[in-house]
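Chemist: Okay, handing you the structure first.
Just so it is clear, none of the values below were taken in a lab; they were calculated from the coordinates. Keep in mind the model is a prediction, meaning the values are calculated, not measured. We place every Cβ from the backbone using ideal geometry, glycine too, and count neighbours over all the protein chains shown.
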Amino acid sequence: YLSTIATASDAVVQEGRIATAFLWKVFSCLGFHPDFVHCLRCRKTLTTEEQPILSVRHGGLVCASCAGKMLLVDGIPFFADLHRTLTFFVEAPLAESARLFLDMPVRTAVRQLTRAWCETHADIRAWV
């Protein structure tokens, strides 16, 4: 992590991409990452085309049918670019996250989700 930060540009470091990717890698290693494959309630296999909702509190995706039956006060629309970005952060080498371009809607969604996930599952305030 520190060597990646040391070689990255100031803009990339300030934007928080590397820190965000690092946090998701840590969550994944510890087993605290969201389930991006199945609905938490009915266990149906999901795709982003179905527009599932990500519940931070419940720890993963909820299909549209189940979301209507649950009280989701923390639901975040889970769109394809958000899924690809989080998967990339977990699976790609950390240095690659410095080269990843995120448009504003994706960057905003990733930051909101990362902050909420840190506060809910790690009891820490994320700096990203």
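Chemist: Net charge around residue 100, counting only other residues with Cβ within less than 15 Å of its Cβ (Lys, Arg = +1; Asp, Glu = -1)?
Modeler: Numbers: positive: 17, 25, 84, 99, 107, 111; negative: 15, 81, 91, 96, 103.
Cβ neighbours under 15 Å give a net charge of +1.
Chemist: If you line up the long axis of helix 104-117 against the longest principal axis of the chain, both from Cα atoms, how many degrees apart are they, to the nearest 10?
Modeler: For 104-117 against the chain, the angle is about 80 degrees.
Chemist: Within the P(r) computed for the range 75-128, what percentage of the Cα pairs occupies the region above 13 Å?
Modeler: Numbers: 889 of 1431 pairs.
The answer is 62 percent, as a whole percent.
Chemist: Modelled label-to-label distance, residue 74 and residue 116, 7 Å Cα→beta-carbon offset: nm?
Modeler: Between residue 74 and residue 116, the label points sit 0.8 nm apart.
Chemist: Using P(r) over Cα pairs in 10 Å bins from 0, in percent as the read-out, say which of [x] 10, 31, 36, 20, 3; [y] 11, 40, 31, 15, 3, 0; [z] 13, 44, 32, 9, 1 was calculated from these coordinates.
Modeler: [z]
Chemist: Report, in deg cm²/dmol and to the nearest 500, the calculated mean residue ellipticity at 222 nm for the chain, where each DSSP H run with n ≥ 4 adds -39500 (n - 2.57) and the sum is divided by the residue count. Mind showing how you got there, number by number?
Modeler: On the way: 7 runs with 60 residues, N = 128.
Helix contribution divided over all residues of the chain: -13000 deg cm²/dmol.
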